[in-house]
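To start, the structure under review is shown below, and the notes come after it.
No lab work stands behind these numbers, since they all come straight from the coordinates. Worth saying up front: this structure is predicted, and the values here are computed from it rather than measured. With ideal geometry, Cβ positions are generated from the backbone for all residues, glycine too; neighbour counts draw on all protein chains shown.
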């Protein structure tokens, strides 16, 4: 079980490091992510990714559709989910 968590954390670190390079973020983020795996990853997610997602219209549209679907599911209206 710990191997699965370790591999998952390593995969998250690699994905975040790739994001740092592809988006041109400062290189210190890679060091923070790799030296402090959990805290560094969470810091990058909250400091960079979430604000980036909030500015992305495609993600905003997807979240709005998900909210509508969840409201319909909770109200029992399943015939017109999409």
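The convex hull of the Cα atoms of the chain, projected and averaged over all directions, covers 7.8 nm². Model label points for residue 7 and residue 52, set 7 angstrom from Cα along the Cα-to-Cβ axis, are 2.6 nm apart.
Between residue 31 and residue 63, what FRET efficiency follows from the Cβ-Cβ distance if R0 is 35 Å, with the result rounded to 0.05? Result of the calculation: an efficiency of 0.65. Here the sum of -39500 (n - 2.57) over DSSP H runs of 4 or more residues, divided by the residues of the chain, equals -24000 deg cm²/dmol at 222 nm, to the nearest 500. Based on C-alpha pairs under 8 angstrom that are at least 6 apart in sequence, the chain has a relative contact order of 17 percent. Summarising the overall dimensions of segment 34-77 from its C-alpha atoms, the Rg and Dmax are 15.5, 48 angstrom.
In plain terms, the chain from residue 45 to residue 70 could stretch by 6.5 nm, reckoned as 0.36 nm per residue minus the Cα-Cα distance.
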